[in-house]
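Step one of this worksheet: look at the structure below.
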Amino acid sequence: MLYHLLLQTVKTLQSAGVSPGQPHILLYDLEYSKDVEKAVNDLSQAASGGSLYVVADEVGSEYRIKNFPTMCNNLLIRVPRLHLWAASCYHGHAPVGWEVEYLTRPLRSPPAVVREIEQDEMITIDRNVHPYSERGVPDHTDGPPVRRLYHGGHGHSGRLPVDCVTCGREVASLLHSLRVGVTESSTTTSTTLTSTSGGTTPCLQWRDVLVLYWSVVSGQSGVVTGLQEAGIPVRVMKDDIEDVATARSDVVWVTTGHGVRGLERKVVVCLGDPDYDLVRLDHMSRCTSQLVIVSGQLAA
């Protein structure tokens, strides 16, 4: 997303007759030493003896980030005129002597969502992530109440919500109730399911929704089938992260939570698992408004 925003800025400057530099996007998995070495080689060659500007966003999980200081220090040796900014929610892994700022104010999600995120064990037990501080600005609203659905009972099938067609239908029903995909006339209170050229403004769009699971989701999974049967335009993310990042296609994307770090959506649906934490930090923190939690078992 950051790359595409920079690209838009460059194009705007170019149309005004300015010739800025060109942004380049490079993807590495820093969990592996060979990728660390490749990153240092690629970037130092790009510098060609001059200055190098690197913005490293979402530098990794608690495992991958451990190699990040090594990459930074090795790169600085080879590129003395290095300008590097990096961001990660995990603390304690910055190279020694590098300036660090902790940004802990919850500005993306409303309070109702923040209360769910801050229960993640990475914050409460492992302490790998700093807890939230005060927002520092007034909360004009608590945000929409968190909506909860439960897998189990009549009509439900499979061990997990992701396997269940009925769960997919119930998520679809909830999305319809939120008026996702509906357009509202700017001059009347009537609604229509198709936009027109006569001054209709969209409510929530399908591209405003993410459905997230902790593992890989198949296009033949029960929840995807249920969404499709209910008329929801849904796609499972594979190699189309660029489409997801730019929200180019007006569809509901289904994917893993760690696959969309750094992105955000108005509506986030988290598919739970009774044997696995809901991964609040990765999944729920993508939500800017309405959070939906599908629990892996019926409430007591």
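The values are calculated or read from the model by the stated rules, or taken from the named source; none is laboratory data. As the structure is a computational prediction, the values presented were derived from the model and not from experiment. Backbone-built Cβ (ideal geometry, glycine too); neighbour counts: all protein chains shown. Protein only, heavy atoms only, side chains kept; ligands, DNA and RNA dropped before computing areas. Shrake-Rupley method; radii C 1.70, N 1.55, O 1.52, S 1.80 Å.
With r defined as the distance between the Cβ atoms of ILE125 and GLN45 and R0 fixed at 35 Å, what FRET efficiency is calculated, to the nearest 0.05? About 0.25, to the nearest 0.05.
With 10 Å bins beginning at zero, the pair-distance distribution over Cα atoms of segment 215-300 amounts to 15, 51, 31, 3, 0 %. With a sphere of radius 15 Å drawn around the Cβ of LEU82, what net charge do the other residues whose Cβ falls strictly inside it have (Lys, Arg +1; Asp, Glu -1)? Result for the neighbourhood of LEU82: 0.
Using a probe radius of 1.4 angstrom, the carbon and sulfur fraction of the accessible surface of the chain is 51%.
Each residue of segment 1-104 gets 117 Å³ once the volume of the Cα convex hull is shared out per residue.
Calculated [222 nm] ellipticity per residue, helices only, for the chain: -8000 deg cm²/dmol; basis is -39500 (n - 2.57) per DSSP H run with n ≥ 4, divided by all residues, nearest 500. Mean-square fluctuations from a GNM of the chain, with a 10 angstrom spring cutoff on Cα atoms, peak among PRO161, PRO20, PRO69 at PRO20. By the Cβ distance rule (another cysteine Cβ under 4.7 Å), the unpaired cysteines of the chain are CYS72, CYS89, CYS203, CYS270, CYS287.
In the context of the full set of protein chains, the chain has a per residue accessible area of 55 Å² (1.4 Å probe). Here the label points at SER15 and GLU37, each 7 Å from Cα along the C-beta direction, are separated by 4.5 nm in the simple model. All Cα-Cα distances of the chain, cut into 20 Å bins from zero to the largest, leave 28, 54, 17, 0 percent in each bin in turn.
Computed from the alpha carbon positions, the gyration tensor of segment 81-126 leads to an equivalent ellipsoid with semi-axes of 27, 14, 7 Å, biggest first.
Using a cutoff of 8 angstrom between alpha carbon atoms and counting only pairs six or more residues apart, the relative contact order for the chain works out to 17 percent. A Gaussian network model of the chain, with springs between Cα atoms under 10 Å, assigns the largest mean-square fluctuation among THR141, THR255, THR70 to THR141. Local charge for VAL165 was computed over the other residues whose Cβ lies under 14 Å away, with Lys and Arg +1 and Asp and Glu -1, and equals -1.
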